[in-house]
1. For the range 47-80, what are the residues that are more than 25 Å from N21 (Cβ to Cβ), small (G, A, S) and touching a residue at least 24 places away in the same chain (Cβ under 8 Å)?
2. Scan the range 39-48 and tell me whether some residue there is surrounded by 13 or more Cβ atoms within 10 Å (Cβ to Cβ) and touching a Phe, Trp or Tyr at 6+ places or on another chain (Cβ under 7 Å).
3. Counting just the residues of the range 1-33 that are touching a Leu at 6+ places or on another chain (Cβ under 7 Å) and part of a loop (DSSP other than H, G, I, E, B), which one comes out surrounded by the fewest Cβ atoms within 10 Å (Cβ to Cβ)?
4. Of the residues that make up the range 70-78, is at least one surrounded by fewer than 11 Cβ atoms within 10 Å (Cβ to Cβ), modelled with pLDDT of 90 or more and not basic (K, R)?
Amino acid sequence: MSSLTDNAVGDYTYAFTNSFNTAYYSSTAMSTEDGTIGYVTMYYARNYTRSASNLRLQGIDEGSNYEDGAYTSVVSHGDLA
């Protein structure tokens, strides 16, 4: 990842240092909770259009609210361009 854009609470765009060959790669993300908000689950953003050069994720808590987790980790796998 080359950069992270904080779009809003619980809404992030991760830019890749090197783009993938296509927009069809696999990503996994996880987030921790801070003891006060419950769990935060990471999803592809609801209005996200797949891209070979970035990934947009949203963190949503157990009450279906957008939420920042205490820590977030992301890994993506696929063929590089």
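The values are calculated or read from the model by the stated rules, or taken from the named source; none is laboratory data. Just so it is clear, the structure is predicted and the values come from calculations on it, not from any experiment. As a convention, Cβ positions derive from the backbone with ideal geometry for all residues, glycine included, and neighbour counts pool all protein chains shown.
1. G59, G63, G69, A70
2. For the range 39-48, residues surrounded by 13 or more Cβ atoms within 10 Å (Cβ to Cβ) and touching a Phe, Trp or Tyr at 6+ places or on another chain (Cβ under 7 Å): absent.
3. N18
4. For the range 70-78, residues surrounded by fewer than 11 Cβ atoms within 10 Å (Cβ to Cβ), modelled with pLDDT of 90 or more and not basic (K, R): present.
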